[in-house]
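Undergrad: Let me begin by handing over the structure; questions about it come next.
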Amino acid sequence: FGLRPVTDRVTFIIDRSTSMEAPFAKTGASRYAEAARQMAQFLRDLGPQTRFRVVLFDSALHIWKDQLQIANTTNVGAASAWISYQRPLGGTVLRTAVESVLRLRSDGTLDMRKLEEDTVIVLCDGATTDGPSWVEGLIERVGSQACVVFHCVQIGSSGDGTLELLAKLTGGDFVRVDG
């Protein structure tokens, strides 16, 4: 989707909600399948010096590996296969996925011993369950300590402003692609 962040520690947060079954206009595949394809291509372009993990979200979280993995052919293939096995279902609860990736404890503080990534790429259709009201408070509370940049891709035009705000407040890029 045109993102070119310079990183070697990245987590992908991918929307697995029912609305991601809609066809992606440019390819005819689902938005979900296109997000998975874009993730794999991004990792192949970055090469095996990169470490990554994947978090899928809908009304629940689905995590492929709890720690960053080397982006070699085997791991990228395994992550892609795992993603393709999953099927879109449920709502778009992005907030839980973001809090999980930031390794927030139950009291809302960061667990810096577990936070490995410096870059998060969110691939989502943009219409989230909670809307953007939580983003500013979360980033104000943990942003400077976490030092994580969120790059957000909105696949489709039905966004609610959450992705734009998350990218803006963390110094990341926001891209909208028609889907």
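Undergrad: Treat every Asp and Glu Cβ in the range 1-84 as -1 and every Lys and Arg Cβ as +1, leave all other atoms uncharged, and give the resulting dipole magnitude about the Cα centre to the nearest 20 debye. Intermediate results must be reported in sequence, preceding the final value.
TA: Working: 10 positive and 7 negative charges, 40 e Å.
Around 200 debye, computed over the range 1-84.
Undergrad: Next question, about the same structure. If you count the DSSP beta bridges with both ends in the range 1-78, what percent of them are antiparallel, to the nearest 5?
TA: Antiparallel: roughly 50 percent of the beta bridges in the range 1-78.
Undergrad: Between ASN72 and ASP130, what's the calculated FRET efficiency when r is the beta-carbon distance and R0 is 30 Å? Round to 0.05. Mind showing how you got there, number by number?
TA: Details: r = 36 Å, r/R0 = 1.19.
Between ASN72 and ASP130 the formula returns 0.25.
Undergrad: Translational diffusion coefficient of the chain at 4 °C, 1.567 mPa s, Stokes-Einstein with Kirkwood Rh over Cα pairs, in µm²/s as a whole number. Spell out each step's value before the answer.
TA: Numbers: Rh = 16.0 Å.
Taking Rh from Cα pairs, D becomes 81 µm²/s.
Undergrad: Next up: At a 1.4 Å probe radius, which order do HIS62, HIS151 fall into by accessible area, largest first?
TA: Numbers: HIS62 45, HIS151 15 Å².
Largest accessible area first, the residues go HIS62, HIS151.
Undergrad: Nearest-5 percent of antiparallel DSSP beta bridges in the chain?
TA: On the way: 8 of 30 bridges.
Around 25 percent of the beta bridges assigned by DSSP in the chain are antiparallel ones.
Undergrad: Probe 1.4 Å, all protein chains in place: accessible area of ASP107 in Å², nearest 10?
TA: Counting only protein heavy atoms, ASP107 exposes about 110 Å² to solvent.
Undergrad: How high is the FRET efficiency from LYS65 to ALA25, r the C-beta distance, R0 30 Å, rounded to 0.05?
TA: On the way: r = 32 Å, r/R0 = 1.05.
With a Förster radius of 30 Å, E is 0.45.
Undergrad: Full-extension gain between THR109 and ARG141, please, as 0.36 nm times their residue separation minus the C-alpha to C-alpha distance.
TA: Details: separation 32, 0.36 × 32 = 11.52 nm, distance 0.85 nm.
Difference between extended and current length: 10.7 nm.
Undergrad: Whole angstrom only: what separates the Cα centroid of the range 16-49 from the Cα centroid of the range 81-95?
TA: 12
Undergrad: I would also like to ask the following. Could you pull out the longest piece of the chain with no exposed loop trypsin sites (Lys or Arg not before Pro) in it, calling a site exposed if DSSP puts it outside H, G, I, E, B and it has at most 14 other Cβ atoms within 10 Å?
TA: Values: sites that count: LYS26, ARG105, ARG113, LYS114.
The answer is 27-104.
Undergrad: I've got another one for you. How large is the charge dipole for the chain, taken about the Cα centre, if only the Cβ atoms of Lys, Arg (+1) and Asp, Glu (-1) carry charge, to the nearest 20 debye?
TA: On the way: 19 positive and 21 negative charges, 98 e Å.
The calculation lands at about 460 debye.
Undergrad: Using the Karplus equation 6.51 cos²θ - 1.76 cosθ + 1.60 (θ = phi - 60°), what ³J(HN,Hα) coupling, rounded to whole Hz, does each residue of the range 117-128 give in order, writing x for Gly and Pro?
TA: Values per residue, Gly and Pro as x: 7, 10, 9, 10, 10, 9, 10, 8, 7, x, 9, 8 Hz.
Undergrad: Tally up the carbon and sulfur contribution to the accessible surface of the chain as a whole percent, 1.4 Å probe, everything protein left in place.
TA: Details: 4000 of 8070 Å².
Here it works out to 50 percent.
Undergrad: For the pair SER157 and TRP82, what calculated FRET efficiency results from E = 1/(1 + (r/R0)^6), where r is the Cβ-Cβ distance and R0 = 30 Å, to the nearest 0.05?
TA: Details: r = 29 Å, r/R0 = 0.96.
Working from the Cβ atoms, E equals 0.55.
The values are calculated or read from the model by the stated rules, or taken from the named source; none is laboratory data. Everything numeric in this text was worked out from a predicted model, so none of it was measured. Because the Cβ atoms are built from the backbone with ideal geometry, glycine has one as well, and the counts that use them run over all protein chains shown. Heads up: the accessible areas ignore ligands, DNA and RNA and are worked out on the full protein's heavy atoms, side chains in. Shrake-Rupley method; radii C 1.70, N 1.55, O 1.52, S 1.80 Å.
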